[in-house]
Amino acid sequence: MHVVHVASEVFPYSRSGGLGDVLGALPAEQARAGAEVTVVSPWYATLSGTVSEVWRGELNELPGDVSEVRVAEERRDGVRYVFIGLAPFDRPGLYHEDDVYRFSMFGRAVLPVLARLGLRPTILHGHDWQAALVVALASLAQLRTVFTIHNLQYQGKWNMHEGRAWTALPHHAYSIDGLEYYGEVNLMKGGLNFAHQVTTVSPTYAQEITTLQYGEGLEGLLTRLSIEGRLSGIINGLDQERWNPRTDPDIPAFSDLKGKQAATTALRQEFGLDEAPILATVSRLAEQKGMDILIEALPELVKDWNVVVLGGGDPLLTAALVGWAQHPRVAFAQGMNEPLSHRIYAGAHAFAMPSRFEPCGLSQMIAMRYGTLPVVRETGGLVDTVPHDVGFHFREATPTALAIACNAALNTPPADWARRTEQAMSLDFSWSGPAQQYLKLYGRTTGH
């Protein structure tokens, strides 16, 4: 079986969040399980690492002003990584305001590039709206397809006039049963309609998105897919070598609660914290992640906790945290800093995730791997991955509910805390199980 993954980012070449992490781990696990695996992603100007150009030419399938294409490859961990270079991607950063145009051009290039490289997938697996057009084109070309929703909130919408010219699909694809959404082009909707199977990154999120609260305007379509047996949830795994407190070069390595104390001491010293327990979060600063809830809860939290936040995003949330960082019990590091994130996961006592919705989430898994107990809102993948006898749950997306859950953590007897920590560090979040579930889904989809 030849699996071709298509995604807008893949660690360690390009990454802005969990999507890149998934594409950095799942394909390699599938290759270890015996599949032939190729990953296709844009060749960004800021692509990390060194890749080798293998083909350059023009594609008739693209408009003349972007028809020149460069293709690079690298093979690692049994996976073939293919990067497609196009003029719209020749600028710093991954994402921009004209991304519907950019990823439409990328989507139109994928199948012709695979053909020129002599690659014929058994199944094409597209990830999020940036790969939705590829899924539609592949399905129309009689390839079997799987489409994974990593975050339904982002859908790739644009006006019909320009979007229709960019996507260049057959006339019937722009109907209500295709990409049309209230007079606009909606690439996510197109991926959902054309894919043979649709997955989300946790079973609970697969159920949630069929409701008005979480369906982002597509709940009717998603309900139909669920009834038809075309919607399911497969929980993400975690790269357990990259996130391993026993071998992590960025921290004082440890394997138990006693050893973790050195990481906690180091984190206190790094941020000048007192002896109160440490509540941390590493997150995009966004309302989806409930960072406004955390900020509103700070007056109560700092009575008993040191609070450490690492992240970047919303300017208003950033400004609020910059202000709070003047408090002796609040530390804020702006942006994303991977070595620092390792030190925070390792040194904190508890990890806050007050998400309004969370398709899967990796931070709670990483935290538990490092013996840091999650305090999570009951939604999406947080429900599926944080056992009630390990972490601390709350239901309402409010500062009060978060503070009450943190108080419950604070009042946990030491013996129970130690038991929870040991259980957390023993949980298996490897990719082997999810990889096998995807391979079984591919088999059902293709008949192989």
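Quick grid of which residues meet (1) at pLDDT below 95; (2) open to solvent by less than 10 Å² (accessible area, probe 1.4 Å):
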position: Gly93; (1), (2): yes, no
position: Met105; (1), (2): no, yes
position: Val113; (1), (2): no, yes
position: Thr122; (1), (2): no, no
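Of the residues contained in the stretch 373-396, none is found to be more than 25 Å from Glu208 (Cα to Cα) and in contact (Cβ under 8 Å) with a residue 60 or more places away in the chain. Scanning the stretch 267-299 for residues that are part of a helix (DSSP H, G or I), more than 28 Å from the chain's Cα centre (by Cα) and either over 15 Å from Thr400 (Cα atoms) or of a type in the set (Lys, Arg) (or both) yields Arg268, Gln269, Glu270, Phe271. I need the full set of residues from the stretch 132-174 which are in a strand (DSSP E or B), of a type in the set (S, T, N, Q) and under 29 Å from Thr204 (Cα atoms), in order please. Across the stretch 132-174, the qualifying residues are Thr145, Thr148. The set of residues from the stretch 416-448 being of a type in the set (A, V, I, L, M) and either farther than 16 Å from Ser363 by Cα or part of a helix (DSSP H, G or I) (or both) comprises Ala418, Ala424, Met425, Ala435, Leu439, Leu441.
Any residue at all in the stretch 196-208 that is over 18 Å from the mean Cα position of the chain (by Cα), closer than 30 Å to Asp384 by Cβ and of a type in the set (D, E, K, R)? No, there is no match, as no residue in the stretch 196-208 is over 18 Å from the mean Cα position of the chain (by Cα), closer than 30 Å to Asp384 by Cβ and of a type in the set (D, E, K, R). Among the residues making up the stretch 344-363, those that are assigned to a helix (DSSP H, G or I) and either surrounded by fewer than 20 Cβ atoms within 10 Å (Cβ to Cβ) or in contact with a helix residue (DSSP H, G or I) (Cβ under 6 Å, 6 or more places away or on another chain) (or both) are Tyr345, Ala346, Gly347. Scanning the stretch 300-314 for residues that are part of a helix (DSSP H, G or I) and open to solvent by less than 10 Å² (accessible area, probe 1.4 Å) yields a count of 1. For the stretch 176-210, the set of residues classified as among the β-branched types (Val, Ile, Thr) and either touching a residue at least 24 places away in the same chain (Cβ under 8 Å) or within 14 Å of Leu152 (Cα to Cα) (or both) consists of Val185, Val198, Thr199, Thr200, Val201, Thr204, Ile209, Thr210, listed by residue number. Taking the stated definitions as given, is Ala72 in contact with a strand residue (DSSP E or B) (Cβ under 9 Å, 6 or more places away or on another chain), open to solvent by less than 10 Å² (accessible area, probe 1.4 Å) and free of Cβ contacts under 8 Å to residues at least 40 places away in the same chain? Here the answer is yes, as Ala72 does meet what is asked.
Residues in the stretch 136-161 that are more than 18 Å from Val110 (Cα to Cα), open to solvent by 50 Å² or more (accessible area, probe 1.4 Å) and touching a strand residue (DSSP E or B) at 6+ places or on another chain (Cβ under 8 Å): Lys157, Trp158, Asn159.
Taking the condition among the hydrophobic types (A, V, I, L, M, F, W, C), over 24 Å from the mean Cα position of the chain (by Cα) and not in a loop (DSSP other than H, G, I, E, B), does Val100 pass?
Considered against the rule, which asks whether it is among the hydrophobic types (A, V, I, L, M, F, W, C), over 24 Å from the mean Cα position of the chain (by Cα) and not in a loop (DSSP other than H, G, I, E, B), Val100 comes out as no.
The values are calculated or read from the model by the stated rules, or taken from the named source; none is laboratory data. Quantities reported herein were computed from a predicted structural model and do not represent experimental measurements. Positions of Cβ are generated from backbone atoms using ideal geometry, with glycine treated the same way; all protein chains shown enter the neighbour counts. Just so you know, the surface numbers come from the protein's heavy atoms only, side chains and all, with ligands and any DNA or RNA stripped out. Shrake-Rupley method; radii C 1.70, N 1.55, O 1.52, S 1.80 Å.
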